[in-house]
Amino acid sequence: MRHVLSSVLALHWAVVFALLAYICMDGSRGIAAALGVLGLSIQSLRVPQLENVAVVAPLSIALLTVAVLFCWAFVETLLNAAARPDAGESVARIAFICASFLLSLILVGGVVQGIDGLFMIVAIQMTALLASYVAVTAERRSTFAAMSLPEGDVRTASRMAMGAAHSSLLSRISGRPENTPGGGR
């Protein structure tokens with residue numbers, strides 16, 4: 001069974017973190033522009049440390065690493081979902097943990113630099129990451145639950161559904177009222 005939601009979310013977060021890494025690499029205004037994309041306007045004059053290579057390079061590498069982890073989870077889910085129902089689960093978990101840790105580091109670094117309004121931006125991104133993780137976990141559990149049903153139960157439910165559809169179709173074709181429990185139509 002395909003994990004459509006897991007694949008889409010992994011691809012989304014891979015693109016988001018890759019774009020942030022790309023924007024952050026711009027030496028003149030990299031981190032300020034990346035935070036601007038997230039929704040925070042920073043005047044570069046107030047925070048001169050943001051253009052420092054010692055700050056920009058590790059942050060760009062960390063953002064790119066998280067993007068690669070999400071890309072890996074995306075590829076793992078696409079290629080191995082049919083063979084293994086838990087394909088990409090551990091990689092996705094590591095990617096979400098690393099992304100949360102990176103956002104926490106950005107928050108701490110921003111507070112140290114005296115950037116106002118960063119808490120709300122990071123809180124929104126963390127909430128989006130948490131919602132994505134919950135959605136991915138729920139999709140994987142529902143797939144696992146569907147695959148762990150006994151084969152006899154699945155066949156019985158399928159036969160019952162086909163029988164109900166057949167009898168409903170016959171009663172509609174003949175114009176007679178359907179036989180439903182409780183006497184209603």
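Of the residues examined, Leu130 is one that is at pLDDT 80 or above, closer than 30 Å to His3 by Cβ and surrounded by 11 or more Cβ atoms within 10 Å (Cβ to Cβ). For Met147, indicate whether it is at pLDDT 80 or above and not aromatic (Phe, Trp, Tyr). No: the conditions fail for Met147.
Test of understanding: among Val111, Val75, which residue is at pLDDT 85 or above and surrounded by fewer than 19 Cβ atoms within 10 Å (Cβ to Cβ)?
So the residue among Val111, Val75 that is at pLDDT 85 or above and surrounded by fewer than 19 Cβ atoms within 10 Å (Cβ to Cβ) is Val75.
When each of Ala135, Ala99 is tested for being part of a helix (DSSP H, G or I), touching a residue at least 24 places away in the same chain (Cβ under 8 Å) and crowded, with 18+ Cβ neighbours inside 10 Å, the lone residue that passes is Ala99.
Of the residues contained in segment 32-42, one or more are found to be of a type in the set (Val, Ile, Thr), modelled with pLDDT of 70 or more and surrounded by fewer than 17 Cβ atoms within 10 Å (Cβ to Cβ). Put simply, of Gly88, Gly117 the only residue that is on the phi > 0 side of the Ramachandran plot, open to solvent by less than 40 Å² (accessible area, probe 1.4 Å) and either at pLDDT below 90 or of a type in the set (Phe, Trp, Tyr) (or both) is Gly88.
The values are calculated or read from the model by the stated rules, or taken from the named source; none is laboratory data. Every value quoted in this text rests on a predicted model; they were computed, and no experiment measured them. Please note: Cβ atoms are built from the backbone with ideal geometry, for glycine as well, and neighbour counts cover all protein chains shown. These area figures cover heavy atoms from the full protein model, side chains too; ligands, DNA and RNA do not enter into them. Shrake-Rupley method; radii C 1.70, N 1.55, O 1.52, S 1.80 Å.
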